[in-house]
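Below: the structure, in structure tokens.
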Amino acid sequence: MVNWIWLFFIVVSVIAAAANGQIDAVTQAAFDGAKSGVTVSFGLISIMVFWLGMMRIADDAGLLKKLARLLSPVVRLLFPDVPKNHPALGYIMSNLSANLFGLGNAATPMGIKAMQELQKLNPDPQTATPAMCTLLALNTSSITLIPTTLIAIRMNYGSANPTEIVGTTLAATIIATGAAIAADRWYRRRSKSAPPPSINKRKRKTDKTHAVTHPAADSLSAVSPGGGPIA
Amino acid sequence: MLELFTRASSWLIPAIIVFIPLYAAFRKVPVYETFVEGAKDGFGTAINIIPHLVGMMVAISMFRASGAMDMMLGAVRPLFDWLHVPSEILPLGILRPLTGAGSLAFTADLIQTYGPDSMIGRIASTIQGSTDTTLYVLTVYFGAVGIRKSRYALKVGLFSDLVGFIAAIMICLYIFG
């Protein structure tokens with residue numbers, strides 16, 4: 001997917017430039033773009049170093065664990081079909097609290113652990129369970145308190161008030177997460193009333209543990225603590 | 001409401017910055033040393049982004065300079081103008097769920113072109129920060145345990161991205177408008 005998007009931008013650019021007589025501008029733009037890429041990345045260093053330092057303190061002080069405990073009633077409400085005291089719940093809580101603090105690096109392994117635990121409860125290992133879909137919904141719209149990456153970029157380009165978008169981002173992310181939860185509930189209820197999908201009985205070894213495959217094409221989320229959301 | 005937003009924006013970060021070390025010190029954590037230890041990871045994280053960002057910013061910068069961006073946006077501009085929404089952010093809405101690096105590069109490009117404190121810069125920042133890359137999360141999380149049929153998960157993710165996109169625009173127009 002990412003490969004196609006990238007190719008699309010480049011090919012269409014050159015064709016459009018030829019049609020518009022802008023071919024020199026495009027060459028210049030390519031080099032300028034490369035330069036901006038490096039400048040923006042370097043601008044991220046300061047805030048990433050600072051924020052990850054703060055987060056290590058929070059982690060060592062047990063704040064992440066504390067937050068996870070606070071989230072436990074919410075998690076139990078969102079995952080009614082996971083048995084109480086199942087290890088999956090613990091991982092889900094850690095995943096959500098790491099996301100909340102904008103720790104994409106810590107959130108992803110926790111989320112994968114949670115998925116592996118949920119997989120143990122799955123009667124059909126190739127098909128996602130409702131609980132898995134809920135966990136995914138929470139992660140695709142993940143709530144982040146501080147969009148660190150964006151604050152850094154805004155600082156880089158001389159914003160008068162780089163943090164003014166914290167409130168708007170928080171509001172938008174809460175609405176997006178609310179929508180994700182609502183849609184997930186709706187599908188859950190619908191799939192419950194409909195006849196259960198026929199379980200595929202193909203003879204295929206599906207229970208082997210799959211290696212954690214990070215699609216190299218777009219692994220930015222994994223390297224950005226600006227959030228699972230490159231926030 | 002408006003007051004609350006600006007207050008939240010300016011108080012949240014200092015509150016967190018003072019609360020974390022204070023709480024940690026109370027729990028007998030050596031705060032400064034722990035900070036330095038954790039901060040080391042930040043450098044590598046920022047450096048790892050370089051190849052992704054360079055690749056995407058080259059493509060997007062070319063796309064803008066060639067005039068292709070204007071040609072594409074020309075078609076939707078009347079509709080967006082009518083809604084009083086800057087059409088420049090539409091590609092961001094499309095890129096956001098598909099590629100994290102691409103949408104980050106596009107956001108940086110918008111902020112560079114129109115300024116971080118312009119309406120476009122603020123909306124772009126809010127959109128980029130408010131959701132995660134749906135396609136990436138789906139691939140990593142389901143790929144890790146070998147799920148092939150994701151059922152309605154993609155639809156839910158894309159729906160919440162759309163809601164987040166619209167919400168980000170409306171909130172920014174309301175707060176900063």
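Figures for the structure shown
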read-out	value
Sole residue being more than 9 Å from chain B (Cβ to nearest Cβ), without any contact (Cβ under 8 Å) to a residue 60 or more places away in the chain and more than 18 Å from B:Gly38 (Cβ to Cβ), chosen from A:Ala137, A:Ala88	A:Ala88
Lone qualifier among A:Thr149, A:Thr134 - being buried (at least 24 other Cβ atoms within 10 Å of the Cβ), within 27 Å of B:Asp161 (Cβ to Cβ), hydroxyl-bearing (Ser, Thr, Tyr) and modelled with pLDDT of 90 or more	A:Thr134
Near pairs, Cβ below 8 angstrom, 6+ apart or cross-chain, from segment B:53-72 (touching a residue at least 24 places away in the same chain (Cβ under 8 Å)) to any residue that is polar (S, T, N, Q) and not in a helix (DSSP H, G or I)	B:Met56/B:Thr99
A:Ser72 being assigned to a helix (DSSP H, G or I), polar (S, T, N, Q), over 26 Å from B:Gln128 (Cα atoms) and more than 10 Å from chain B (Cβ to nearest Cβ)	yes
Any hit, segment B:20-42, residues being surrounded by 17 or more Cβ atoms within 10 Å (Cβ to Cβ), in a helix (DSSP H, G or I), of a type in the set (A, V, I, L, M, F, W, C) and under 22 Å from the mean Cα position of the chain (by Cα)	no
Qualifying residue in segment B:69-91 (condition: within 23 Å of B:Ser160 (Cβ to Cβ), under 15 Å from the mean Cα position of the chain (by Cα) and surrounded by fewer than 24 Cβ atoms within 10 Å (Cβ to Cβ))	yes
Among the candidates B:Leu98, B:Leu138, residue that is under 23 Å from A:Ile153 (Cα atoms), at the interface with chain A (Cβ under 8 Å from one of its Cβ atoms) and of a type in the set (A, V, I, L, M)	B:Leu98
Subset of segment A:34-48 that is surrounded by 21 or more Cβ atoms within 10 Å (Cβ to Cβ) and touching a Gly at 6+ places or on another chain (Cβ under 9 Å) - its residue that is modelled with the highest pLDDT	A:Gly37
Some residue of segment A:121-129 being assigned to a helix (DSSP H, G or I) and either surrounded by fewer than 24 Cβ atoms within 10 Å (Cβ to Cβ) or not aromatic (Phe, Trp, Tyr) (or both)	no
Pair list, Cβ < 7 Å and 6+ apart or interchain, from segment A:19-30 residues that are more than 8 Å from every other protein chain (Cβ to nearest Cβ) to residues that are modelled with pLDDT of 90 or more	A:Ile23/A:Ala17
Residue check for A:Ala172: buried (at least 24 other Cβ atoms within 10 Å of the Cβ), at the interface with chain B (Cβ under 10 Å from one of its Cβ atoms) and either in a helix (DSSP H, G or I) or of a type in the set (Phe, Trp, Tyr) (or both)	yes
Contacts under 8 angstrom Cβ, first residue in segment B:117-128 being of a type in the set (A, V, I, L, M, F, W, C), partner crowded, with 24+ Cβ neighbours inside 10 Å and not in a helix (DSSP H, G or I), 6 or more apart	B:Ile127/B:Arg96
Filtered residues of segment B:78-91 (kept if of a type in the set (A, V, I, L, M) and either part of a loop (DSSP other than H, G, I, E, B) or within 17 Å of B:Leu135 (Cα to Cα) (or both))	B:Leu83, B:Val85
All positions within segment B:75-98 that are modelled with pLDDT of 90 or more, aliphatic (A, V, I, L, M) and over 24 Å from A:Val2 (Cβ atoms)	B:Leu79, B:Leu83, B:Val85
Subset tally (residues that are surrounded by 14 or more Cβ atoms within 10 Å (Cβ to Cβ) and acidic (Asp, Glu)) for segment A:14-33	1
When residues of segment B:116-133 are limited to those that are at the interface with another protein chain (Cβ under 7 Å from one of its Cβ atoms) and over 12 Å from the mean Cα position of the chain (by Cα), the one nearest to A:Trp6 (Cα to Cα)	B:Pro116
Residue match in segment A:186-193 (condition: at pLDDT 50 or above and over 28 Å from B:Ala167 (Cβ atoms))	yes
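The values are calculated or read from the model by the stated rules, or taken from the named source; none is laboratory data. Because the structure is a prediction, the values reported are computed rather than measured. Cβ coordinates were reconstructed from backbone atoms using ideal geometry, including for glycine residues, and neighbour counts include every protein chain displayed.
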